[in-house]
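Undergrad: Once you've had a glance at the structure underneath, I'll fire off some questions.
Each reported figure results from applying straightforward, stated rules to the coordinates on display, with no laboratory input. Please read all numbers here as calculations on a predicted model, not as lab measurements. Cβ sites come from the backbone with ideal geometry, for glycine too, and all protein chains shown count toward neighbours.
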Amino acid sequence: MQLTSNWQGSGETWQLSMNNSRASELMPAAGKPGTTIEVRDLFFNIPARRKFLRTEKTEFSHLDDVVKRLSLSRFDVDISLRHNQRLIKTLRAADSREQQEKRIAEICGPAFVEQALHLDFEYEGLRLWGWIAQPTFSRSQADMQYFYVNGRVVKDRLVTHAVRQAYSDVLFHGRHPAYVLFFECDPAAVDVNAHPGKHEVRFRRSREIHDFLFRTIHKSLASVVSASDRSHEFSHFSPSASAGTGHQTQTTVAPATAGADKSMYASGAQASIPFAAAEQHRAYTGFARHSGAAETALTPVCEENTDAEIPLLGYARAQLHGIYILAENAQGLVMVDMHAAHERITYERLKTAMHSEGIQTQPLLVPITLAVSNKEAQLLEDQPEVFLQLGFVVDRIADESIKIRQIPVILSSGNVESLLRDVLSDLLMVGSTARIEQEINNILSTMACHGSIRANRKLSIDEMNALLRDMEMTERSGQCNHGRPTWIQLSIAELDKLFMRGR
């Protein structure tokens with residue numbers, strides 16, 4: 001190994017070599033500011049390791065992954081990679097967000113940056129910033145997940161659990177989210193020596209940090225703005241009770257929270273509405289105020305718009321094959337899968353109703369006895385209020401035995417024993433659980449699917465507009481309950497390209 005380094009501004013370059021574990025003297029050398037590390041024949045004299053080597057291409061891909069992780073951790077450093085006398089990668093220092101996204105595009109691909117949301121939140125000494133991919137950009141494996149704690153790349157179970165839980169309601173089954181996230185906190189609040197390779201860390205306030213990560217990403221995904229529209233900004237954060245009640249610093253994340261302000265559904269474009277769109281707007285406004293013909297599931301929202309504003313999803317023009325709604329907005333054409341969109345709207349309303357009424361419980365005629373570990377039984381005995389909030393009444397009857405006496409009504413037909421074991425496992429691992437909520441949400445999702453409008457049902461223009469307005473005020477309406485997109489945007493430029501106009 002040969003190390004050549006020149007501290008910026010010093011005017012001196014020094015070189016140190018290692019040959020077969022023997023170090024040379026520190027020698028002056030020629031070189032520009034920066035550090036060059038050169039390694040040759042790394043395993044030439046270690047037979048025990050050499051037999052485990054794969055092909056040169058495979059081993060180089062592992063080295064390339066290391067360089068990728070380092071490149072994302074230090075945007076302020078120029079990084080270049082050479083292999084077999086050939087320049088493989090050159091990354092320039094990135095000071096602005098635009099330059100940072102350019103570096104990310106070189107590492108993760110331009111498709112990731114095009115469909116990523118930028119977030120930046122700070123709360124009581126905790127800060128999370130970076131880029132998360134929209135659910136429509138998912139991976140078949142967890143190969144594009146970069147998480148940094150105070151600049152150190154880690155793969156931590158608590159972090160993975162929090163991110164996966166935040167995506168649980170919008171990600172297609174069997175897919176994995178993609179993200180480049182940077183978490184900053186007090187160095188004293190994290191133990192970096194939990195793993196010999198420093199790949200894992202241990203947080204001293206694990207439950208609070210898990211909750212902060214989950215809620216920040218969960219709220220950031222609760223937007224109706226598509227990946228193709230990157231012109232919107234919004235801010236939000238609602239910490240849970242477990243995260244403390246101290247001062248909150250609120251920063252921005254793109255795009256906007258659905259439902260926070262009706263005016264945000266108007267497009268930022270100031271182009272005047274075509275005559276047909278203005279006429280459509282007046283017709284819809286009248287319908288929203290006076291019509292009672294639409295079904296309650298498609299309740300229109302009465303909102304005042306000027307003739308210089310078009311809602312984000314525009315105004316309906318037609319229905320295609322009884323499945324898709326075609327709408328016009330300021331950018332161009334919007335296509336909506338009406339069943340998927342209405343399914344998400346119904347699902348969110350069912351969840352809201354469930355949360356407002358609380359979890360209804362019922363006692364078991366025959367209590368269920370369950371064998372658990374002593375640690376799990378002690379946890380149940382120490383935190384009975386947690387299980388009461390989840391709708392369970394459970395007693396410890398022996399050192400390694402518990403008895404379930406009361407369960408949530410909506411879970412009466414489910415596998416309660418397996419669910420409770422998963423809850424205990426989550427509480428032991430990360431200090432919190434969302435198993436009960438996920439199980440209830442699965443049931444509500446099925447109810448929403450069966451209760452939504454079906455394909456081949458003809459909708460009037462007024463009903464289609466009512467559905468569009470409901471989508472604009474529903475969180476996570478960009479995806480259905482199963483993670484599929486509910487709408488896509490085609491700009492005028494994209495339509496012109498399809499028909500080769502302007503060439």
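Undergrad: Calculate the FRET efficiency for Arg421 and Asp143 from the Cβ-Cβ distance with a Förster distance of 35 Å, rounded to the nearest 0.05.
TA: Calculated value: 0.70.
Undergrad: Next question. In terms of Cα to Cα distance under 19 Å, which aspartates and glutamates are near enough to Lys51, apart from those fewer than 8 places away along the same chain?
TA: Within reach: Asp41, Glu59.
Undergrad: If you look at just the Cα atoms of region 311-503, how large are its Rg and its Dmax in Å?
TA: According to the Cα coordinates of region 311-503, Rg and Dmax are 23.3, 80 Å.
Undergrad: Given the Cα-Cα distance of Ser96 and Asn20 and 0.36 nm per residue of separation, how much length would full extension add, in nm?
TA: 23.1 nm
Undergrad: For the modelled label position 7 Å from the Cα of His321 along Cα-to-Cβ, which residues of region 443-466 have backbone nitrogen atoms closer than 12 Å?
TA: It comes to 456, nothing else.
Undergrad: Return a whole-number percent for the relative contact order of region 311-503, with Cα pairs under 8 Å and 6 or more residues apart as the contact set.
TA: 33 percent
Undergrad: Now for a different question. Starting with the highest mean, order 108-114, 2-8 by the number of other Cβ atoms within 10 Å, averaged over the residues of each peptide.
TA: Top of the packing list down: 108-114, 2-8.
Undergrad: On to the next question. Mind checking which lysines have their C-alpha under 24 Å from Lys68, skipping anything on the same chain fewer than 8 residues away?
TA: List returned: Lys32, Lys57, Lys89, Lys102, Lys155, Lys198.
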